[in-house]
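A.B. asks: Right, I'll just put the structure down here and ask away after.
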Amino acid sequence: MTRCMTRCLIGLLILLPLLTGSAHAGGGESRHSIVRCDPAQTASLKTKANHLTERLTLLRTEMPRYTLAFVRDRYVLPMGRKWVEDSEANRNYERYLRSMSRVISAMEKDAQNGLAIECTSAITDQRCREGETLAYVLFILNVPIKKLYICSGFFSQSEERQLSSLMHELSHLSASTQDLGLSWMEGARSNINPAPTDAYHIEQFATGDIGQELRRQIWFWNWPKPPKRPSP
């Protein structure tokens, strides 16, 4: 074993507890480990973490409803969108559903096992970027550490935005999503394949109305209307 390999192995052994998380499974609110937060922040985060867990379970059970046949019969054909059997668009949607199912299930599993959350200050933590960053997840060797870091600016958001931020960061933690900012939505050139890797899509999908988010961000772009025929 080379010296480099030895150092890497030792480093991974040291990081293993961080990568696997310090929270433990169990019932009730005690499954979440929340540190360095004041009592009001702790109570608020416990409530949101439990709400987040319930929401992810609902998503996992609701998603199988939105099959390719469902979209064809309820949206594409009634709305006069372009439908071609065995098309790339149809295959892309089925891949999207499989990928989203894996992401949501991974997030739900981590939330059920218990989230490790640590409050930090925009004054002392440079990663909070003087209040610009509201929460974050650290990555080591491209692997997310199983802990959500909450900056002080997080608590100045509305309750709805706080939950959205937690969903966003949990997608990083559980599925190594990226901050693509919905850049894959480019009008006629839109490509839904990166959507399950985009933390912004996961955030909006997980906190909004499932059908409406699918319609707005996926179906609309994946099945465009056929071009208009020229007038005779």
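A.B. asks: Which angle between 0 and 90 degrees, to the nearest 10, do you get for helix 159-175 versus the longest principal axis of the chain when only C-alpha atoms count?
C.D. replies: Orientation of helix 159-175: about 90 degrees from the principal axis.
A.B. asks: Further question: I need the GluC sites (Glu not before Pro) found in segment 179-231, filtered to DSSP loop residues with at most 15 other beta carbons within 10 Å of theirs.
C.D. replies: Listed in order of number, the matching sites are Glu186.
A.B. asks: Equivalent-ellipsoid semi-axes (√(5λ), Cα gyration tensor) for segment 132-198, whole Å, largest first?
C.D. replies: 24, 17, 9
A.B. asks: Take every Cα pair under 8 Å in segment 75-232 that's 6+ residues apart, average their separations, divide by the length, and report that relative contact order as a whole percent.
C.D. replies: On the way: 198 pairs, mean separation 37.5, N = 158.
Relative contact order, segment 75-232: 24 percent.
A.B. asks: Straight distance only, please: which lysines reach the Cα of Lys82 with their own Cα at less than 27 Å, same-chain residues fewer than 8 apart left out?
C.D. replies: Lys225, Lys228
A.B. asks: Additional query: Take every DSSP beta bridge whose two residues both sit in the chain, then give the antiparallel share in percent to the nearest 5.
C.D. replies: Values: 4 of 12 bridges.
If we restrict to bridges inside the chain, about 35 percent are antiparallel.
A.B. asks: Also, I was wondering about something else. Using a Cα-Cα cut-off of under 17 Å, which lysines could be cross-linked to Lys109, ignoring same-chain neighbours fewer than 8 residues away?
C.D. replies: Lys46, Lys48, Lys146, Lys147
A.B. asks: On C-alpha positions alone, give me the angle between the axis of helix 39-62 and the longest principal axis of the chain, in degrees, nearest 10.
C.D. replies: Orientation of helix 39-62: about 30 degrees from the principal axis.
A.B. asks: For the chain, how big is Rg over Rh, using alpha carbon atoms and the Kirkwood form of Rh?
C.D. replies: Result: Rg/Rh = 1.05.
A.B. asks: To the nearest 20 debye, what is the magnitude of the charge dipole of the chain about its Cα centre, counting +1 on the Cβ of each Lys and Arg and -1 on the Cβ of each Asp and Glu?
C.D. replies: 680 debye
No value in this document is a laboratory result; all are computed from the given coordinates. Just so we're clear, the structure is a prediction, and the values are computed from it rather than from any experiment. Cβ coordinates were reconstructed from backbone atoms using ideal geometry, including for glycine residues, and neighbour counts include every protein chain displayed.
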